[in-house]
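One structure is given here, and the rest of the page talks about it.
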Amino acid sequence: MATYIEIYGKQLVQSFHDLEVVTSSSESIWILISTLILVTGVTTGVLVIVWLERKVSAGVQQRVGPEYAGPLGIIQPLVDGIKLLLKEDVIPSRSDAWLFTVGPAVVVIPVLMSYLVIPFGQAIILSDLAIGAFFWVAVSSVVPLGLLIAGYASNNKYSFLGGLRAAAQSISYEIPLALCISSTSLLSGSLSTVDIVKAQSKYGFMGWNLWRQPIGFVAFFISSLAECERLPFDLPEAEEELVAGYQTEYSGIKFGLSYVGSHLNLLASSPFVTILYLGGWDSSIPLLENFGRDSLFPDSNGQSFDVLGSGVGITTTLAKSHLFIFISILTRWTLPRVRIDQLLDLGWKFLLPIASGNLLLTASFQLLLVG
């Protein structure tokens, strides 16, 4: 028995060696620092979205909005987060305490993993996977499972019904979402998010997939709103029908995680819209690039300009992403909520045929170009 254990142990060590697992302390520390920077940036982005949503909604409805917690109410989201941390964490009686606790974590963790494949600049990405676009679809499809777990473990019929609605909505809109990603990947010849942006940047502003895939852009925009459970597609937690749905029995930090999960999903969807259809970090201003290289840093061999270019790429990506977030917020406070049957009909009877036809046309044109 000891011999077999030693043999399997050596095989395991050899497997890790073949996979080139990081063993040096410096690389491990660098990975930890990069992860912490990403999590900190994402958390700050959620606070910005919460503040922006309140200010934009106040402007749409002609009211004041947050004003007193800091200048223009900018620390109001931070105050709300501290309040949720300090509130009592209540677990319902006769509920599955373990599943009740795991549910919000299953909602948040997959969304955080999707940021691994988001390129904020040409070389600013944690993991440039060859299937980065489908990786986002795969990990985001786990989120409704967490909502279903949360609704089931709450021992509440309203919560369970809200979880079922979340699963049904996700299935309805993830298929058109994946088909739209397939169409843009066909045009780029790759599923890598970096390659998709580079394929658009070859032709400048007119090379964006927004102009080559307008139908796919509309379908992707609607599907992403439904995936994020944004109005008018927030049926899993519709207050008038389900009394907050799967969140009914949650309080304190667990409710905060579920609340943050929806904003995290929106914060992840907006860069993917930018990457797939709006050219990513490409600003499409070649004169600015030549001016910066020749005039601002004439004797630096391009190194200083590379740093400036990285900053411009990050700023461009964030600006395009926040434009999508702004449109999403306006959509929430402009359109009325749909019914659940209208929601499913839109996904299965409208978006799915349109996305399938768009993929078929894209594949046909690509075959004609190759031929």
Inset, instruction - Determine whether region 343-364 contains at least one residue that is at pLDDT below 85 and among the hydroxyl-bearing types (Ser, Thr, Tyr). - result: no
Legend entry - Some residue of region 143-161 being under 16 Å from the mean Cα position of the chain (by Cα), touching a residue at least 12 places away in the same chain (Cβ under 8 Å) and open to solvent by 10 Å² or more (accessible area, probe 1.4 Å): yes
Legend entry - Residue that is most open to solvent (accessible area, probe 1.4 Å), among those in region 31-72 that are more than 17 Å from Leu330 (Cα to Cα) and part of a loop (DSSP other than H, G, I, E, B): Tyr68
Inset, instruction - Name every residue in region 199-208 that is open to solvent by 20 Å² or more (accessible area, probe 1.4 Å), without any contact (Cβ under 8 Å) to a residue 24 or more places away in the chain and either touching a helix residue (DSSP H, G or I) at 6+ places or on another chain (Cβ under 9 Å) or part of a helix (DSSP H, G or I) (or both), in order of residue number. - result: Met206
Inset, instruction - Quick one: Val117 ticks every box in (1) surrounded by fewer than 24 Cβ atoms within 10 Å (Cβ to Cβ); (2) at pLDDT 85 or above except a single one, so which number is it? - result: (1)
Inset, instruction - Inspect all residues belonging to region 226-238 and state whether any of them is buried (at least 18 other Cβ atoms within 10 Å of the Cβ) and without any contact (Cβ under 8 Å) to a residue 60 or more places away in the chain. - result: no
Legend entry - All positions within region 209-231 that are part of a loop (DSSP other than H, G, I, E, B) and out of contact with any Asp or Glu (no Cβ under 8 Å at 6 or more places or on another chain): Gln213, Cys228, Arg230, Leu231
Inset, instruction - Go through region 73-94 and give me each residue that's free of Cβ contacts under 8 Å to residues at least 24 places away in the same chain and open to solvent by less than 60 Å² (accessible area, probe 1.4 Å). - result: Gly73
Inset, instruction - Of the numbered conditions (1) modelled with pLDDT of 85 or more; (2) surrounded by fewer than 16 Cβ atoms within 10 Å (Cβ to Cβ); (3) assigned to a loop (DSSP other than H, G, I, E, B), Phe326 fails exactly one; give the number of that condition. - result: (3)
Inset, instruction - Kindly check whether there is at least one residue in region 118-130 that is outside any helix (DSSP H, G or I), within 30 Å of Thr274 (Cβ to Cβ) and of a type in the set (Phe, Trp, Tyr). - result: yes
Inset, instruction - Quick one: Ser141 ticks every box in (1) touching an Asp or Glu at 6+ places or on another chain (Cβ under 7 Å); (2) modelled with pLDDT of 85 or more; (3) of a type in the set (Ser, Thr, Tyr) except a single one, so which number is it? - result: (2)
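The values are calculated or read from the model by the stated rules, or taken from the named source; none is laboratory data. The structure displayed is predicted, hence computed values, not measured ones. All Cβ positions, glycine included, derive from the backbone under ideal geometry; neighbour counts span all protein chains shown. Accessible surface areas use protein heavy atoms only, side chains included; no ligands, DNA or RNA. Shrake-Rupley method; radii C 1.70, N 1.55, O 1.52, S 1.80 Å.
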